[in-house]
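Novice: Okay, handing you the structure first.
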Amino acid sequence: MKTNPQLEDLKLSLLAQIQSVSKEKSTIFLEEADQLHFPNSKNEEWKYSSFSVSKDTNYTLRTGQGKAMASIHAEAFEGCHLLVFLDGAFTESLSSTEVLKGLTIKKINHLETFTSAYENNIFNQLNGSTAHLSGLSIQVNEKAIIEKPIVIFHCNSYTESAAWVQPRIQVQVGERAEVTFAEIWQSDGAQPVVTNAVQEIDVKKSAIVKWFSLEKGNKDSSLINQTRVETAEKAVFQHLVVSLGEGFIRNNLEIKINSTEADAHMYGLSIGSAKLHVDHHTFINHKAVNTTSNQLYKSIFSGKATGVFNGKILVDQVAQKTNAYQSSKNILLSTDAKVYAKPQLEIFADDVKCSHGATIGQLDEEPIFYLRSRGLDEATAKQMLVQAFASEILMKVENKSLHALFEAEIMAEMERLVSK
Amino acid sequence: MLKIENLHASIGEKEILKGINLTVNPGEVHAIMGPNGSGKSTLASVLAGREDYEVTSGSVTYRDMDLLELSPEERAREGVFLAFQYPIEIPGVTTINFLKTAINEIRKHRGEEALDAVSFLKRMKEKSKLVEIDQSLLSRSLNEGFSGGEKKRNEIFQMAMLEPRLAILDETDSGLDIDALRIVANGVNLLKTPNNATIVVTHYQRLLDYIVPDFVHVLWNGKIIKSGTKELALELEEKGYDWVKAEAALV
């Protein structure tokens, strides 16, 4: 494969940096990574999302040891447990020190992935190579009901050069346990940052897991998430991601529904008024009878914002009585904003209910006129309508603390959107 | 209050209103009747400021203002209200939500203080009784899952809340059963004051059994071809429109 020389240089630089900090624990990953390349637009999975980095910039690999930042406002996460990843590594000193009952939290010492990657890619191998330096493993005990959400706050403090960070989180949720996680991504924009993150989530029988993610980028930030989930019998997994601001965001979400009567719900809301690029690649594999998956991804874009939704559903031959729904709804408020939506259904069972749909359009004139005819000005009417559009996703964030946090960020972004 | 002179309006290349003349004074109820396609709804839409229509000539003066120069929201704030023929559904926007914003926009325009939450709820309670609308509907998404009658009652409820000077009811009777019709008409009658005026656009005479008009106008082919009192409506009910058309053709 022909690769961009800049990205090839970046790869060599990263490999060298990883080798110098980690030695033998990285060997397997580094050997694999060496054989791979950063994707370009010729790669079908990256057709509409070209990964690139800032020109003439050296990226320094960071695996923690950052300066504690003054900008962590713990009060924003009131009512939550707080775990902090500083410069890509779990940092205990900044996290909630109280003992979380029902939960074991420890650094990853030796990486053993318990989920299998569908795609052997360079991001995955690079991340794996530093997991023992920066990763975090969370074990939720059987039957543990964790009431407060666990916020995982990712922030960067490195200002000397551009940074490359690789957080990794492994979560195992025991049988009949209930837990909510929320990853908050923030970069202050002082220097370009590439975040190459991997989440592995193993949901055991009858467990209920909600996973939220609030992605706030800036023009020099790139965030690549690879979230891999496996669910057991009667497990319920909900994933909800809100993407705002600017920059490049790629979310690969892979869910294997391994056993019967398990449900997976996936929601996304992207709002961008400038150069935001959000790519959701979802892959749901139904591997057992009587399982359900439901996807709803919405976006509201103006300026030059771009969205990609590529949703693949694979129903194995054994997975009879599968229900799989997928929907992508998009509002474009400017002529330069773009959305590419592509459903991919591969169904090998014969007794299934599957549906998919995508809509892309402007705000309807009729509701705008209706609201104006009642005395609202055009901007207020539009704002009310986009808020209504977004509220379908926001209302899925039921926890009060998280709801307030997500709502505030969404409203702030919405104001930027409508004021343009 | 309202003076329409020689109003012509088109949609695309097609001229629909071909010289309307109409004067409405405070305290009056005017009924505009006519067969389908005569231009009744176009007239209502032009008065409310719908941008699909282009006014090609003529003028509309409303309380000494050039109405046609005002945006839809400015008209609303000046007291013009349109009850929609087909009230739309807006998922995620509740009636309470946008009405609160609307009332306060109107009050701001008139130099009045914003209505506080308690006064708003009090007014809502009072007016929802008037049109016999279930209050729980008002905190649901606008018109989503409402019956035809509920949608129309919601329009009249909004009218009651906004207290317009000039209300235009665009075929509010269409699709209503007799009970709903009575409730809607009752609401309109209770809201009548010596200071406000109502234009009732309708296809059938039956609404006029409940809302008694001071004047009845027959609109046909984009023009008012006959005006009279409420007896004209009864005559139309009995004899249809053909005789009026024939009469107009002779002139």
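Novice: Per residue of the stretch A:339-345, in order, report the coupling 6.51 cos²θ - 1.76 cosθ + 1.60 (Karplus, θ = phi - 60°) as ³J(HN,Hα) in whole Hz, putting x for Gly and Pro.
Specialist: 9, 10, 10, 9, x, 9, 10
Novice: On the first, second and third principal axes, largest extent first, how far apart are the outermost C-alpha atoms of the stretch A:135-267 in Å?
Specialist: 48, 22, 20
Novice: Quick one: which residues, 5 or more positions from A:Ser299 or on another chain, have an amide H under 5 Å from its amide H? H modelled 1.01 Å from N in the peptide plane, none for Pro or chain starts.
Specialist: A:Ser270, A:Lys329, A:Asn330, A:Ile331
Novice: Right, something else. List the residues whose amide H sits under 5 Å from the amide H of A:Val171, counting only those 5 or more places along or on another chain, with H placed 1.01 Å from N in the peptide plane.
Specialist: A:Ile138, A:Glu200, A:Ile201, A:Asp202
Novice: Find the centroid of the Cα atoms in the stretch A:298-375 and in the stretch B:166-236, then give the distance between the two in whole Å.
Specialist: Spelled out, the Cα-based centre of one part sits 44 Å from the other.
Novice: Additional query: I'd like the Karplus ³J(HN,Hα) series for the stretch B:16-25: coefficients 6.51, -1.76, 1.60, θ = phi - 60°, whole numbers in Hz, and an x wherever there's a Gly or Pro.
Specialist: 10, 9, 10, x, 8, 10, 7, 10, 10, 9
Novice: A follow-up question, please. Tell me the mean residue ellipticity at 222 nm calculated for chain B from its helices only (DSSP H runs of n ≥ 4, each -39500 (n - 2.57), averaged over every residue, nearest 500).
Specialist: It comes out at -11500 deg cm²/dmol, rounded to the nearest 500.
Novice: Now for a different question. Among A:His239, A:His37, A:His281, determine the one that fluctuates most according to a GNM of chain A built with springs between C-alpha atoms less than 10 Å apart.
Specialist: Among A:His239, A:His37, A:His281, the largest mean-square fluctuation in the Gaussian network model of chain A belongs to A:His37.
Novice: If I build a Gaussian network model for chain A, linking alpha-carbon pairs within less than 10 angstrom, which residue out of A:Asp279, A:Asp263, A:Asp56 has the largest mean-square fluctuation?
Specialist: Looking only at A:Asp279, A:Asp263, A:Asp56, the largest GNM fluctuation is found for A:Asp56.
Novice: Same structure again: What does the charge dipole of the stretch A:363-420 about its Cα centre add up to, to the nearest 20 debye, if the Cβ of each Lys and Arg holds +1 and the Cβ of each Asp and Glu holds -1? Display every interim value, and only then the final one.
Specialist: Working: 7 positive and 11 negative charges, 24 e Å.
So the magnitude is around 120 debye.
Novice: Enter the mean projected area of the convex hull around the alpha-carbon atoms of the stretch A:250-401, in nm², rounded to one decimal.
Specialist: 10.6
Novice: State in Å² the accessible area per residue of the protein assembly as shown; use a 1.4 Å probe, count heavy atoms of protein chains only, and round to the nearest integer.
Specialist: Here the residues of the protein assembly as shown average 42 Å² of exposed surface.
Novice: How many percent of DSSP beta bridges within the protein assembly as shown run antiparallel, rounded to 5? Spell out each step's value before the answer.
Specialist: Working: 31 of 188 bridges.
Here the share of antiparallel DSSP bridges comes out near 15 percent.
Novice: Of all beta bridges DSSP finds with both residues in the stretch A:5-363, what is the antiparallel percent, to the nearest 5?
Specialist: In the stretch A:5-363, DSSP labels about 5 percent of beta bridges as antiparallel.
Novice: Oh, and also: With no solvent and one equal point scatterer per Cα, compute the Debye intensity ratio I(q)/I(0) for the stretch B:2-250 at 0.10, 0.15, 0.17 Å⁻¹ and report its log10, rounded to two decimals.
Specialist: Each listed q maps to, in turn, -0.48, -1.09, -1.37.
Novice: Using only Cα atoms, find the angle between the long axis of helix B:117-130 and the longest principal axis of chain B, and express it within 0 to 90 degrees, rounded to the nearest 10.
Specialist: 50
Novice: Here is a further query. Quick one: how many Å² of A:Val352 are accessible to a 1.4 Å probe, rounded to 10?
Specialist: 40
Novice: Now for a different question. From the convex hull of the Cα coordinates of the stretch A:1-61, what is the mean projected area in square nanometres?
Specialist: So the mean shadow area of the Cα hull is 4.6 nm².
Novice: Give the A-B buried accessible area in Å², both sides summed, 1.4 Å probe, nearest 100. All intermediate terms of the calculation are to be shown ahead of the outcome.
Specialist: Details: alone 18340 and 12060 Å², together 28480 Å².
That pair of chains buries around 1900 Å² in total.
Novice: Determine Rg/Rh for the stretch A:5-363; Rg is computed over alpha-carbon atoms and Rh is the Kirkwood hydrodynamic estimate from the same atoms.
Specialist: Dividing the radius of gyration by the Kirkwood radius yields 0.95.
Novice: Then there is this: Which of the residues in the stretch A:353-379 show a loss of at least 20 Å² in accessible area from their chain by itself to the complete set of protein chains, at a probe of 1.4 Å?
Specialist: A:Glu366, A:Pro367, A:Phe369, A:Tyr370, A:Leu371, A:Arg372, A:Ser373, A:Arg374, A:Gly375, A:Leu376, A:Asp377
Novice: Distance check, please: which entries in A:Lys382/B:Lys223; A:Lys148/B:Lys151; A:Lys148/A:Lys321; B:Lys108/B:Lys226; A:Lys106/A:Lys148; A:Lys55/A:Lys382 exceed 31 angstrom between their Cα atoms?
Specialist: A:Lys382/B:Lys223; A:Lys148/B:Lys151; A:Lys148/A:Lys321; B:Lys108/B:Lys226; A:Lys55/A:Lys382
Novice: Still on this structure, I have one more. Which GluC sites (Glu not before Pro) in the stretch A:311-420 pass both tests, a DSSP loop state and at most 14 other beta-carbon atoms within 10 Å?
Specialist: A:Glu398
Novice: Would you give the gap between the C-alpha center of the stretch A:133-190 and the C-alpha center of the stretch A:260-290, rounded to a whole Å?
Specialist: Comparing the Cα centres of the stretch A:133-190 and the stretch A:260-290, I get a distance of 19 Å.
Novice: So who's got an amide H within less than 5 Å of the one on A:Ala89, skipping anything under 5 residues away but keeping other chains? H placed 1.01 Å off N, in plane.
Specialist: A:Gly64
Novice: Count the DSSP beta bridges whose two residues both fall in the stretch B:2-250, then state the antiparallel fraction as a percent rounded to the nearest 5.
Specialist: Details: 24 of 42 bridges.
Of all bridge pairs located within the stretch B:2-250, approximately 55 percent are antiparallel.
Novice: Is the shape of the stretch B:104-172 rounded, prolate or oblate, going by the alpha carbon gyration tensor and its root eigenvalues a ≥ b ≥ c, with a/c under 1.5 for rounded and a/b larger than b/c for prolate? Write out the running numbers ahead of the final one.
Specialist: Values: a/c = 2.12, a/b = 1.40, b/c = 1.52.
Oblate is the answer for the stretch B:104-172, as a/c is 1.5 or above yet b/c matches or exceeds a/b.
Novice: Which angle from 0 to 90°, rounded to the nearest 10, does the C-alpha axis of helix B:230-239 make with the longest principal axis of chain B?
Specialist: Once rounded, the angle reads 60 degrees.
Novice: Where is the GNM fluctuation largest for chain A (alpha-carbon springs, 10 angstrom cutoff): A:Gln166, A:Gln35, A:Gln326?
Specialist: A:Gln35
Novice: Projected area of the protein assembly as shown, taken from the Cα convex hull and averaged over every viewing direction, in nm²? Don't jump to the answer; show the numbers that get you there.
Specialist: Values: hull surface 141.8 nm².
The orientation-averaged projected area of the Cα hull of the protein assembly as shown comes to 35.4 nm².
Novice: With a cut-off of at most 10 other beta carbons within 10 Å, and DSSP calling the residue loop, which trypsin sites (Lys or Arg not before Pro) in the stretch B:108-154 qualify? Please list them.
Specialist: Values: sites: B:Lys108, B:Arg110, B:Lys122, B:Arg123, B:Lys125, B:Lys127, B:Lys129, B:Arg140, B:Lys151, B:Lys152, B:Arg153; in loops: B:Arg110, B:Arg140.
Sites meeting the loop and neighbour criteria: B:Arg110.
Novice: For B:Lys192, which lysines qualify as cross-link partners when the Cα separation must be under 16 Å and same-chain residues fewer than eight apart are set aside?
Specialist: The qualifying lysines are B:Lys127.
Novice: Same structure, new question: Taking square-rooted eigenvalues a ≥ b ≥ c of the alpha carbon gyration tensor, is the stretch B:83-205 rounded, prolate or oblate, where a/c under 1.5 means rounded and, failing that, a/b exceeding b/c means prolate? Please report the intermediate quantities before stating the final value.
Specialist: Values: a/c = 1.75, a/b = 1.24, b/c = 1.41.
The shape class here is oblate.
Novice: What 222 nm value per residue comes from the helices of chain A, counting each DSSP H run with n ≥ 4 as -39,500 (n - 2.57) and dividing by all residues, nearest 500 deg cm²/dmol? Present the calculation step by step, with values, prior to reporting the outcome.
Specialist: Numbers: 7 runs with 84 residues, N = 420.
Result for chain A: -6000 deg cm²/dmol, rounded to the nearest 500.
The values are calculated or read from the model by the stated rules, or taken from the named source; none is laboratory data. Quick caveat, the model's predicted, so the values are computed rather than measured. Every residue, glycine as well, gets a Cβ built from its backbone with ideal geometry; the counts of neighbours run over all protein chains shown. The protein model used for the area step is the full one, side chains on, heavy atoms only, and it has no ligands, DNA or RNA in it. Shrake-Rupley method; radii C 1.70, N 1.55, O 1.52, S 1.80 Å.
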